[in-house]
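Chemist: Got a structure here, written out as structure tokens. Questions coming.
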Amino acid sequence: MSHIDFDTPIDRMGSYCTQWDYVQDRFGKAGLLPFTISDMDFSAPDAVMKALRERLDHPVLGYSRWNHDDFKRAIEGWYQRRFDAQIDKDTIVYGPSVIYIIAKLIEKWSHTGDGVVFQTPAYDAFDKLVEGSGRRCIRNPLIKKEGSWEIDWDLLDKQLSLADTTIFLLCSPQNPTGRIWSREELKRIAEICVFHDVALISDEIHMDVAFKAHTPFLGFGMEQRWALVTSASKSFNIPALNGAYAFIPNEKARNDYLFKLKEIDGLSSPSILGVIGTMAAYNEGEDWLEALNEYVSESHNLVRTRLKEAFPSVDYQVPDATYLAWIDLSSLDLDMAQLQKDLIAHFNVAIMDGGVYGEMGQGYVRLNLGCSRSKVMAGLDALIGAIQQQ
């Protein structure tokens with residue numbers, strides 16, 4: 001795997017790149033070294049780039065389809081090889097993004113004013129998605145124990161038992177903590193949802209950048225209202241191609257979703273490059289992904305070592321998954337607002353403040369490690385330097 005070069009930086013400026021070209025939008029200053037939005041600075045796998053170039057050699061870019069065996073078999077094969085999981089390819093649906101599919105399922109499985117439970121700290125899009133659909137956010141705080149994150153089962157049971165709680169929005173692996181849920185935990189979640197007649201939607205977009213075995217949520221005894229929603233976009237760094245997919249086993253729910261996708265929202269013709277990119281990634285990208293995981297894991301260990309040396313009270317634990325370092329700085333009793341100002345003004349870096357991910361993110365920062373080791377070192381130098389200024 002060593003032939004894959006993740007060390008040589010790639011200049012992304014001028015590519016209309018959200019993370020680099022538009023960092024000023026969020027941080028108020030242009031030209032910052034960014035560790036922000038969750039895409040990576042790495043080239044997509046050679047197999048993906050080759051497939052895209054071959055398609056672009058054909059000069060006609062007309063309407064396309066996703067509902068064919070080549071697309072579905074690529075997904076089916078990935079789950080067989082990667083997770084030892086058998087899926088029914090007839091339950092697969094396409095969507096332009098993971099958030100779009102989740103939004104349509106929330107509309108399908110709940111009513112205005114209903115509660116949607118999700119675990120916190122949480123990806124900030126969950127709040128916007130739930131509230132934007134006229135539903136209520138019911139936050140289920142995770143419990144930090146000895147460097148890991150655990151579910152508050154009693155509170156979860158209580159929240160799912162409420163009469164107007166209709167959906168549990170699971171993030172698996174969890175973002176931003178990087179926690180992978182075990183098979184036993186997923187089965188217990190399913191049992192609680194069945195008992196309280198609550199639908200479950202599992203967002204698994206971070207499933208492939210994982211350092212231990214990930215178990216897909218494939219029902220675990222839930223017969224009807226569940227779905228797994230994901231994409232190859234995070235894993236293979238192709239989000240700009242657009243495209244996601246879901247498994248929706250209930251035929252009526254699946255047909256209702258497809259009706260909205262096609263007849264109401266007019267989105268059934270996919271980005272052909274997104275479909276081709278997904279197929280190439282799943283059919284030929286596994287060696288690249290294995291090398292990526294090894295590289296990112298080493299970067300997580302570097303974060304742990306550097307922070308421990310500089311601040312012995314900061315006990316950074318390498319997560320189960322994701323290229324996102326969720327760093328607890330609460331032991332240092334910092335002024336987090338001042339830390340952000342110093343990082344921007346004096347160190348010219350953009351690092352996400354944990355408060356973006358809700359109240360439970362206070363005292364944390366999120367550092368994107370989907371980049372060269374030299375950039376990781378620069379980010380750590382800046383973070384350590386800014387902390388030492390306080």
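Chemist: Most fluctuating residue of G379, G178, G358 in a GNM of the chain with Cα springs under 10 Å: which is it?
Modeler: In the Gaussian network model the winner is G358.
Chemist: Given the options Y22, Y94, Y357, which has the most mean-square fluctuation in a GNM of the chain, springs set between C-alpha atoms less than 10 angstrom apart?
Modeler: Comparing Y22, Y94, Y357 in a Gaussian network model of the chain, the most mobile one is Y22.
Chemist: So how strong a dipole does the chain carry about its Cα centre when Lys and Arg Cβ are +1 and Asp and Glu Cβ are -1, to the nearest 20 debye?
Modeler: Approximately 480 debye in magnitude.
Chemist: Within the chain, what is the longest stretch that has no GluC sites (Glu not before Pro) placed in a DSSP loop and near at most 15 other beta-carbon atoms within 10 Å?
Modeler: 224-390
Chemist: Highest GNM mean-square fluctuation, the chain, Cα pairs closer than 10 Å: which of D333, D124, D157?
Modeler: Highest fluctuation of the listed residues: D333.
Chemist: What's the FRET efficiency of Q388 with V356 using the Cβ-Cβ distance as r and R₀ = 30 Å, to the nearest 0.05?
Modeler: The pair Q388/V356 has a calculated efficiency of 0.80.
Chemist: R0 = 45 Å: FRET efficiency of F195 with D335, Cβ-based, nearest 0.05?
Modeler: Efficiency, from the Cβ-Cβ distance: 0.50.
Chemist: Report, in whole Å, the centroid distance computed from the Cα atoms of the range 360-387 and the range 36-101.
Modeler: So the two Cα centres are separated by 31 Å.
Chemist: Grab the eigenvalues of the alpha-carbon gyration tensor for the range 71-216, scale each by 5, take roots, and send me the semi-axes largest first in whole angstrom.
Modeler: 24, 20, 15
Chemist: How large is the convex hull of the Cα atoms of the chain per residue, expressed in Å³ as a whole number?
Modeler: 140 Å³
Chemist: Then there's this: With each label point set 7 Å from Cα along the Cα-Cβ vector, what nm distance links Q224 and L162?
Modeler: 2.3 nm
Chemist: Rounded to whole Hz and in sequence order, give me ³J(HN,Hα) for the range 268-285 from the Karplus expression 6.51 cos²θ - 1.76 cosθ + 1.60, θ = phi - 60°, writing x for Gly and Pro.
Modeler: 7, 7, x, 5, 4, 5, x, 5, 5, x, 5, 4, 5, 4, 6, 7, 9, x
Chemist: Normalise the Debye intensity by I(0) for the range 1-54, one equal point scatterer per Cα, no solvent, then take log10 at q = 0.14, 0.24, 0.26 Å⁻¹ and round to two decimals.
Modeler: -0.48, -1.00, -1.08
Chemist: Mind checking the full-extension length gain between D57 and K89? Use 0.36 nm per residue of separation minus the Cα-Cα distance, one decimal, nm.
Modeler: Gain in length upon complete extension: 8.5 nm.
Chemist: Residue separation times 0.36 nm, minus the C-alpha to C-alpha distance between K262 and T8: what's the value?
Modeler: Once the chain is fully extended between K262 and T8, it gains 87.2 nm.
Chemist: In whole Hz, with x marking every Gly and Pro, tabulate ³J(HN,Hα) for the range 52-60 from phi via Karplus 6.51 cos²θ - 1.76 cosθ + 1.60, θ = phi - 60°.
Modeler: Values per residue, Gly and Pro as x: 5, 4, 4, 5, 6, 5, 7, x, 9 Hz.
Chemist: What number comes out for accessible area per residue over the chain if the probe is 1.4 Å? Units Å², please.
Modeler: In whole numbers, the chain has 44 Å² accessible per residue.
Chemist: Right, here's the next one. Would you mind computing, in nm to one decimal, how far apart the modelled labels at L302 and K212 are, each placed 7 Å from Cα along Cα→Cβ?
Modeler: For L302 paired with K212, the spin-label model returns 2.4 nm.
Chemist: Please give the calculated 222 nm ellipticity per residue for the chain, where each DSSP H segment of at least 4 residues contributes -39500 (n - 2.57) and the sum is spread over every residue; nearest 500 deg cm²/dmol?
Modeler: -12000 deg cm²/dmol
Chemist: Related question: Once label points are set 7 Å from the Cα along Cα→Cβ at both D315 and K144, what is their separation, rounded to one decimal in nm?
Modeler: 1.1 nm
Chemist: Using a Förster distance of 25 angstrom, determine the FRET efficiency expected from the C-beta separation of D154 and K187, and round it to 0.05.
Modeler: 0.90
Chemist: Per the 1.4 Å probe, what fraction of the accessible area of the range 48-283, in percent, lies on carbon and sulfur atoms?
Modeler: Carbon plus sulfur share of accessible area: 49 percent.
Chemist: So what are the range 194-266's ellipsoid semi-axes, whole angstrom, largest first, if each one is the square root of 5 times an eigenvalue of the alpha-carbon gyration tensor?
Modeler: Largest first, the range 194-266 gives 23, 21, 7 Å.
The values are calculated or read from the model by the stated rules, or taken from the named source; none is laboratory data. None of the values given here were measured: they were computed from a predicted structure. Every residue, glycine as well, gets a Cβ built from its backbone with ideal geometry; the counts of neighbours run over all protein chains shown. SASA here: full protein model, heavy atoms, side chains in, ligands and nucleic acids out. Shrake-Rupley method; radii C 1.70, N 1.55, O 1.52, S 1.80 Å.
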